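Quick note: the coordinates plus some simple rules give every number you see, no bench work behind them. Not measured: the values here are computed from a predicted model. Note that we place each Cβ from the backbone using ideal geometry, even for glycine, and neighbour counts take in every protein chain shown.
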Amino acid sequence: MKVNRGEKMISLIIPCYNEEKNIKIFYETCEKTFKNISIEYIFINDGSKDNTLLEIIDVIKNNPQSQITCLNFSRNFGKEAAMLAGLKESHNEFISIIDADLQQNPKYVLEMYKFLKKNKDYDCVACYQDKRKESKILTTFKNCFYKIINKMSEVPLKTNASDFRLFNKNIKQALINMPEYCRFSKGLFSYVGFNVYYMPYQVEKRMHGKTSWSIIKLFKYAMDGILSFSVIPLKFTTSIGFLSFIIAIIYLIIIIIQKIFIGINPSGYATIVCLILIFSGLQMIFLGILGEYIGKIYTEAKRRPKFIIKDKIKSNNIDMENDNEK
Ligand code: UDP
Ligand code: MG
């Protein structure tokens, strides 16, 4: 059976890392939700260490009527790489990125789809959490991140908006055309622009397994975001350097005046030690910031592939000719 490509359909991009218990239930939930809309499922097995790949293959085998593709990465490349691979693989009018753990209910994809069908001037609907269901520390950390990045970045980021969105082919192409290796999709979505409608949604509890994000990973991701979308940390170091230079000059003048006109000998061994410690600390921090940017340039300059696909498994009824579209 050949698929009628003229029909408007949704490509669902589903990055999967250790999601063996969620794959079947995810697929079944989607099938129940999208009764009248054809869906192209693109599962990306991002180097899972459990049986995620076998579970996806099982779903493909047991549902020959569905259009399912599985991209099996050669190792874990991260969710950003998985999303990019999914975008390159998708063929449809509308594309949605959704997690495999059912924290993002597929019913919202349907709502986003209906919205885009009705409102032709919009190109994308992005879901955001109006109430976060997580610890207060994490919420405070995330709010701080949005405040900082929105002060520094050239493009504003919508607070609490995720990758969970539905968008059209033009946005997909714009995202694929962004060549960077270090991808920070929240920023990339803002950078490409287009007309975006923000829709509130409720995150649900993870069906099975546990999140792959620790506080340290989140912190690194936040730093990556800031470094990818702003050079203000570099400018900040220059400003602090200038400020401390001017203060040092003023202090020097004061000391000379005191010595010549008032006859006070400058004292303060403790002050000198403190100042040396403060400024050597600041210099190390600034070198670190510089190092982070140089590290990014180094990574980008190598131009390594963002992911490596070991196998591509497709359900029978996918029109293989469409592979040339990429
Ligand atoms: N994921 C991935 N590669 C990774 C980490 C996560 O493809 O290296 C997938 C994961 O299987 C899930 C989605 O990205 O479908 C979101 O991950 P997770 O649920 O761990 O994040 P959280 O929802 O806690 O932010
Ligand atoms: Mg999750």
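Structure above, values below:
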| read-out | value |
| --- | --- |
| Ratio Rg/Rh [Cα only; Rh per Kirkwood] for the chain | 1.13 |
| R0 of 25 Å, Cβ-Cβ distance Ile309-Asn63: FRET efficiency to nearest 0.05 | 0.70 |
| Calculated FRET value between Gln283 and Lys32, using beta carbons and R₀ = 41 Å, to 0.05 | 0.10 |
| Value at 222 nm in deg cm²/dmol, rounded to 500, when DSSP H runs of n ≥ 4 in the chain each add -39,500 (n - 2.57) | -15500 deg cm²/dmol |
| Point-charge dipole on Cβ atoms (K/R +1, D/E -1) for the chain, about Cα centre, debye to 20 | 480 debye |
| Likely footprinting exposure, Cys127, Cys182, fewest C-beta neighbours within 10 Å first | Cys182, Cys127 |
| Under the Debye formula (equal points on every Cα, no solvent term), log10 I(q)/I(0) of the range 220-269 at q = 0.17, 0.27, 0.28, 0.32 Å⁻¹ | -0.65, -0.95, -0.97, -1.06 |
| Hull shadow area, averaged, the range 165-207 [alpha-carbon convex hull, nm²] | 4.4 nm² |
| Cross-link table Lys61/Lys114; Lys35/Lys210; Lys49/Lys210; Lys32/Lys61; Lys114/Lys172; Lys88/Lys169, entries beyond 21 Å C-alpha to C-alpha | Lys61/Lys114; Lys35/Lys210 |
| Likely footprinting exposure, Ser90, Ser135, Ser228, Ser244, fewest C-beta neighbours within 10 Å first | Ser135, Ser244, Ser228, Ser90 |
